[in-house]
Amino acid sequence: MSGAWVLLSLASGVTQQEILYDFPHLTEQDILACLSPAADREQRTMTIVVRSYFCKI
């Protein structure tokens, strides 16, 4: 299992409690550790919106 799996599970509606029940070797701190890099990456991501204009000639 990877951090990406944990993030995808949480995003699809699986709760932390369900993950911890299914994988008893994980801790709440493990789940939070998966969230930290994702939050950092999101904070550093810049979204650029480009508009296209089409003109009739």
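Structure data summary
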item	result
Filtered residue count, region 6-15, keeping only those that are loosely packed, with under 15 Cβ neighbours inside 10 Å and not in a loop (DSSP other than H, G, I, E, B)	2
First in region 9-26 and polar (S, T, N, Q), second anywhere and open to solvent by less than 50 Å² (accessible area, probe 1.4 Å), Cβ under 7 Å, 6 or more apart	S9/I19; Q16/I31
Of residues in region 16-46 being at pLDDT below 90 and assigned to a loop (DSSP other than H, G, I, E, B), the one most open to solvent (accessible area, probe 1.4 Å)	M46
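The values are calculated or read from the model by the stated rules, or taken from the named source; none is laboratory data. Predicted model, so just to flag it, every value in this text is computed and none were measured. Virtual Cβ from ideal backbone geometry, glycine too; neighbours counted across all protein chains shown. In case anyone asks, the SASA skips ligands and DNA or RNA and just uses the protein heavy atoms, side chains included. Shrake-Rupley method; radii C 1.70, N 1.55, O 1.52, S 1.80 Å.
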